1. Can you go through E164, E169 and tell me which one is among the acidic types (D, E), assigned to a loop (DSSP other than H, G, I, E, B) and either open to solvent by less than 20 Å² (accessible area, probe 1.4 Å) or at pLDDT below 80 (or both)?
2. If only one of L227, L249, L222, L207 is hydrophobic (A, V, I, L, M, F, W, C) and in contact with a Gly (Cβ under 9 Å, 6 or more places away or on another chain), which one is it?
3. Does S278 satisfy being under 29 Å from F231 (Cβ atoms), of a type in the set (S, T, Y) and in contact with a strand residue (DSSP E or B) (Cβ under 8 Å, 6 or more places away or on another chain)?
4. Among the hydroxyl-bearing types (S, T, Y), in contact with a Leu (Cβ under 8 Å, 6 or more places away or on another chain) and either crowded, with 16+ Cβ neighbours inside 10 Å or not in a helix (DSSP H, G or I) (or both): is that true of T132 in this structure?
5. Go through the range 212-228 and give me each residue that's exposed (fewer than 14 other Cβ atoms within 10 Å of the Cβ) and in contact (Cβ under 8 Å) with a residue 12 or more places away in the chain.
6. Which one of these does P201 not meet: (1) open to solvent by 60 Å² or more (accessible area, probe 1.4 Å); (2) part of a helix (DSSP H, G or I)?
7. Hey, can you tell me all the residues within the range 362-377 that are buried (at least 16 other Cβ atoms within 10 Å of the Cβ) and not in a loop (DSSP other than H, G, I, E, B)?
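The values are calculated or read from the model by the stated rules, or taken from the named source; none is laboratory data. A quick note: this is a predicted structure, and the numbers were derived from the prediction, not measured. Here the Cβ positions follow ideal geometry from the backbone for every residue, glycine too, while neighbour counts run over all protein chains shown. SASA here: full protein model, heavy atoms, side chains in, ligands and nucleic acids out. Shrake-Rupley method; radii C 1.70, N 1.55, O 1.52, S 1.80 Å.
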Amino acid sequence: MGHPARKTPVARQPDGTYVVSTYREIVALLHDPRVSSDPRKCPAPATAQAEGSAEPLREVLSEPNIITCDPPEYDRDRRMMMPHFVGPPPSPHLISDLEPEIRRIVDGLLDDMKGKNRVDAVDDFAYPLPVTVICKVLGVPLEDEPRFHQWIETAPDALDFGPEATSEEIRSRQAGGRQAVRDFGQFAVELLDRYARQPGPGMLSALVNEDGPEGRMSKGVLASNALLLIFAGHETTVNLIAHSVLTLLRHPDALEKLRRRPELIVPGVEELLRFESSVQFWHTRSAVEDIDIAGTTIPKGAPIFLAYGSANRDPERFTDPDALDLERRDNQHLGFSQGIHFCFGAPLARLEVQVAVGEFVRRVQNPRLVEDPPPYRHNQIFRGPRHVLVDIDGIRD
């Protein structure tokens, strides 16, 4: 069944924002140089001016990061960061070399479930893996994790675009989210200062001490990117693992198929990415010139919201889009976006989810959902369940 939003591919909202909901139009805009990712080039939409819901990106992350800047600034920063994340040419295997460590963590989490009849696929499984891995990659001491656990939980509340955003409860939650972003940013600055004085392992230390041909990133830009990577490297992967488990438990035939044919985990994860988008839409893009698309003109300066979740279920692009097909062909979903801003952490996220979901399916005996739908986090952008309670009969070795 077609989603009502897709009947108008490019829809102007009362606040002057343009919401784009169809696959073809979103892909076109993701590759269009007339679309900027830099909030500094876009006046705040009326909703943000009224409610403050988008302010953290301007107020706290005053310095750009790789999702809030355009070329050539974007190209330079990504060039500087990428070798320390996926590996420089002499050793291009930083991500794949993490697989044994990821498997060790996943096995430990599943071993900890032995003897239990009920587990939470979020708290017991989806949360601990990505936070441990991103701390290792970036060089964030794992003992600091309790400090930023609550910030990670609270920061998404700063970006709440729900229709009830005028309520006192939502205003309070937005304020708490903005404070969490500030605290998180201060933590990132302190960590970078620590590594500037005494270099250590990981990507952040390498960047803060690097004297390459393009010089060093400024501390502000580096802190903004550190905050982005800690948060994005965790939040979206937690949601993806949790959604993958939830979706497979809702589709027992698919779960059993994956158990019988574990090689389907690679295309299966791509389908799970399409089926339940961890990022439902993104909201920092704007038009730097008038753009004619789908019979509508998006005027220069207008904010653009790209509805990835809608595009990933667009029947004009995906056959039977509301069906879960682990062997879906030509699955060019937008789970990691497209274009120059294709997700920086996609290779790591894919590996984590492939290992986690593959081992969950292989080792957990007779998992059953306790509550469906489970409780969800209150956020329109980062969509994910708060808890997924699962009854189990045991854990295989």
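1. On the way: E169 fails: assigned to a loop (DSSP other than H, G, I, E, B).
Answer to the selection: E164.
2. Values: L249 fails: in contact with a Gly (Cβ under 9 Å, 6 or more places away or on another chain); L222 fails: in contact with a Gly (Cβ under 9 Å, 6 or more places away or on another chain); L207 fails: in contact with a Gly (Cβ under 9 Å, 6 or more places away or on another chain).
Just a single option satisfies the conditions, and that option is L227.
3. Values: under 29 Å from F231 (Cβ atoms): yes; of a type in the set (S, T, Y): yes; in contact with a strand residue (DSSP E or B) (Cβ under 8 Å, 6 or more places away or on another chain): yes.
Taking the combined requirement at face value, the residue satisfies it.
4. Here the answer is yes, as T132 does meet what is asked.
5. First, the residues of the range 212-228 that are exposed (fewer than 14 other Cβ atoms within 10 Å of the Cβ): 212-215, 218.
Result: G212, E214, S218.
6. Only one criterion is unmet by P201, namely (2).
7. Scanning the range 362-377 gives R363, V364, L369.
The rows are residues; the columns are (1) part of a loop (DSSP other than H, G, I, E, B); (2) open to solvent by less than 30 Å² (accessible area, probe 1.4 Å); (3) closer than 23 Å to Q150 by Cα.
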{"site": "G177", "(1), (2), (3)": "no, yes, yes"}
{"site": "L191", "(1), (2), (3)": "no, yes, yes"}
{"site": "A196", "(1), (2), (3)": "no, no, no"}
{"site": "S205", "(1), (2), (3)": "no, yes, no"}
{"site": "E210", "(1), (2), (3)": "yes, no, no"}
